Amino acid sequence: MRASSLFKVFVLTLFISLQQSQAQTLTPDSKKSIIVQKGFNVVTVVPSLGRARHIAVDKQGTVYVRMNELNIDGKGIVLVKDTTGDGKADVIKSYGDFTGTGIALYKNYVYASSDSVVFRYALTANGIDENKLDTIVNGLPFNPQHGSKNIVIDENGKLYVNIGAPSNACQEADRTKGSKGMDPCPLLENYGGIWQFDANKLNQQQSDGIRYASGLRNCVAMDWDVTSKHLYALPHGRDQLNTLYPQFYTNEQNAELPSEELFLINKGGSYGWPYCYFDHLQNKKLLSPEYGGNGQITGRCDTTQKPIMAFPGHWAPNDLLFYHGNMFPERYKNGVFIAFHGSWNRAPLKQGGYFVAFVPMKDGKPTGTWEVFAEGFAGGKEIASPNDAKHRPMGLAEGPDGSLYISDSVAGTIYRIYYTK
């Protein structure tokens, strides 16, 4: 084995050891399956809603849950509320006859997306008024691969919509060994980025919006930080480096690469996909093999925006949340939580993700490394595939008291994590 290969194996082994040591700092609650940091507790707000996606929480503590399948009432938005103060929901109502993933609160409306439309419902003292439904954006491009449209709204009413690319790496023949990457990638005209719209304007089309950022394969995880006044995103990276290019990548390298990249998003920015990917083991933005790369060459990627933090590959970041509450200790203030949905393609290494991470931040930039904040969702120390997971972290939201809400995409469990010292 070459010296460079030996060094990569050493770095990979050290990284995994550090990851395992981080997990060991967590403290299990003897009555709960979720393992949390010391001083925190977990309560199950509702045990099962179905295939839950993103969530939002209003100033009264009402939780709005977006559903990826219609529930037993044939609805796609579930309102969950605790009126007795015991932490568990005693009010559950359903609204809307469409599925999707995105949900956000702005002014007196709840915004929800399907795979091609962003709607909004008026809110009343009794919940959602289904008779007051507006179409905000219609006709968004849809392809089954990365078709869901998650959304974020900033304090000025700018609506950000993720439009994922229906491709692995923009090859002429998708996921085909030997197929070249299209250059320039035509998908970037309407996919593979974040579009900005006006949350107050009705009946917009994609052409009415601004392509706010490009080169982002599929940003299921996005959030607007009200402190730094920036959008942040953590896209899903590409797959199959080893099967498409076995001459350049081992199975072990593919299990870790490409890195999951946390970006500070600037208007007009381009973040690399499909031409580039990040390698956290080398700390480099590298040229994708479809465009002449070999796992070492940087090429045009020397000038491509680097992430502000990188994570091991295939963990599937599905939400991120900037924390601005006062319940948690001061070190959490303005930091970011990330829901890693969990991997499917990290063989021969163990599957990864299936936990909520925390990154300390100041002025919109990391001040330290990431750490595991809550884990145990999958139901065991090791699972062979996502189908074995009992729960998978999906959506994140902050409650009015500063507690953290987490949705689960398998059973539809809604958790609340609070601090007790």
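The number of residues in segment 336-365 that are hydroxyl-bearing (Ser, Thr, Tyr) and touching a helix residue (DSSP H, G or I) at 6+ places or on another chain (Cβ under 7 Å) comes to 0. For segment 50-72, residues that are under 19 Å from the mean Cα position of the chain (by Cα) and among the hydroxyl-bearing types (Ser, Thr, Tyr) total 1.
Here residue 121 fulfils each of the conditions (1) in a strand (DSSP E or B); (2) farther than 13 Å from residue 64 by Cα; (3) in contact with a Lys or Arg (Cβ under 9 Å, 6 or more places away or on another chain) apart from (2). If you scan segment 277-293, which residues turn out to be surrounded by fewer than 22 Cβ atoms within 10 Å (Cβ to Cβ), farther than 29 Å from residue 336 by Cα and not small (Gly, Ala, Ser)? Scanning segment 277-293 gives 289, 291.
A quick yes/no check of all residues on (1) more than 12 Å from residue 169 (Cβ to Cβ); (2) crowded, with 24+ Cβ neighbours inside 10 Å:
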position: 225; (1), (2): yes, no
position: 244; (1), (2): no, no
position: 249; (1), (2): yes, no
position: 261; (1), (2): yes, yes
position: 275; (1), (2): no, yes
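In segment 306-314 there is no residue matching the filter, namely being among the small types (Gly, Ala, Ser), modelled with pLDDT of 95 or more and more than 30 Å from residue 275 (Cβ to Cβ). The set of residues from segment 59-80 being free of Cβ contacts under 8 Å to residues at least 60 places away in the same chain and surrounded by fewer than 17 Cβ atoms within 10 Å (Cβ to Cβ) comprises 69, 70, 72, 73, 74.
Scanning segment 326-359 for residues that are touching a residue at least 12 places away in the same chain (Cβ under 8 Å), farther than 20 Å from residue 384 by Cα and in a loop (DSSP other than H, G, I, E, B) gives 326, 327, 328, 329, 334, 335. Residues being farther than 29 Å from residue 265 by Cβ, under 17 Å from the mean Cα position of the chain (by Cα) and among the hydrophobic types (A, V, I, L, M, F, W, C): count how many of those fall in segment 379-421. Number satisfying all stated conditions: 1. When the residues of segment 354-378 are filtered to those that are touching a Ser or Thr at 6+ places or on another chain (Cβ under 7 Å) and under 18 Å from residue 417 (Cβ atoms), the one that is modelled with the highest pLDDT is 360. Of the residues making up segment 265-320, those that are farther than 21 Å from residue 223 by Cβ, of a type in the set (A, V, I, L, M, F, W, C) and touching a Lys or Arg at 6+ places or on another chain (Cβ under 8 Å) are 276, 281, 287, 301. Got at least one residue in segment 125-135 being crowded, with 17+ Cβ neighbours inside 10 Å and closer than 20 Å to residue 222 by Cα? Checked segment 125-135: no residue is crowded, with 17+ Cβ neighbours inside 10 Å and closer than 20 Å to residue 222 by Cα. Looking across segment 228-242, just one residue is in contact with a Phe, Trp or Tyr (Cβ under 7 Å, 6 or more places away or on another chain) and surrounded by fewer than 21 Cβ atoms within 10 Å (Cβ to Cβ), and that is 242. Inspect segment 337-354 for any residue being charged (D, E, K, R) and over 17 Å from residue 395 (Cα atoms) and give the result as yes or no. Yes, segment 337-354 contains at least one residue that is charged (D, E, K, R) and over 17 Å from residue 395 (Cα atoms). Considering the conditions (1) over 29 Å from residue 335 (Cα atoms); (2) surrounded by 21 or more Cβ atoms within 10 Å (Cβ to Cβ); (3) over 19 Å from the mean Cα position of the chain (by Cα), residue 190 is excluded by exactly one of them, (2).
Each row is one residue, and each column tells you yes or no for (1) touching a residue at least 40 places away in the same chain (Cβ under 8 Å); (2) more than 23 Å from the chain's Cα centre (by Cα).
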residue	(1), (2)
143	yes, no
148	yes, no
155	yes, no
161	yes, no
169	yes, no
173	no, yes
185	yes, yes
207	no, yes
218	yes, no
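Considering only residues that are in a helix (DSSP H, G or I) and without any contact (Cβ under 8 Å) to a residue 12 or more places away in the chain, which ones fall in segment 287-309? Across segment 287-309, the qualifying residue is only 303.
The values are calculated or read from the model by the stated rules, or taken from the named source; none is laboratory data. Bear in mind the structure is a predicted one, so any value in this text is a computation, not a measurement. Heads up, the Cβs are rebuilt from the backbone with ideal geometry, glycines too, and the neighbour counts pull from every protein chain shown.
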